[in-house]
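What follows is calculated from the coordinates using simple rules that are stated; it is not laboratory data. What you are looking at is a predicted structure, and each value in this text was computed from that prediction instead of being measured. As a convention, Cβ positions derive from the backbone with ideal geometry for all residues, glycine included, and neighbour counts pool all protein chains shown.
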Amino acid sequence: MLSFFKFILIVFLVLTVLGWIGRIFLRIYLTRLARRMQQQSEDKGQKVGETYIKDITSKEKKVDKNVGDYIDFEEVK
């Protein structure tokens, strides 16, 4: 019975220590990520809080000219 309590205590201590270490590494990771994102926005010439929308739509039709003729749809009753 004493070994069972010893096992539970060790598991609890290991999980607690891993939680502390995880918080430290998560904080370091998030600060580095925030710095990297801020650098990218500064490289693009944007200010913090400014919205940037990249328009990637093309105004030209993407249908090949050799596809065929356009046939108007007629409903048959």
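For residue 27 and residue 13 in the same chain, what is the full-extension length gain: residue separation times 0.36 nm, less their Cα-Cα distance, in nm? Don't jump to the answer; show the numbers that get you there.
Working: separation 14, 0.36 × 14 = 5.04 nm, distance 2.14 nm.
Separation in residues times 0.36 nm, less the Cα-Cα distance, equals 2.9 nm.
Taken along the Cα-to-beta-carbon direction at a fixed 7 Å, the label points for residue 57 and residue 42 span 3.5 nm.
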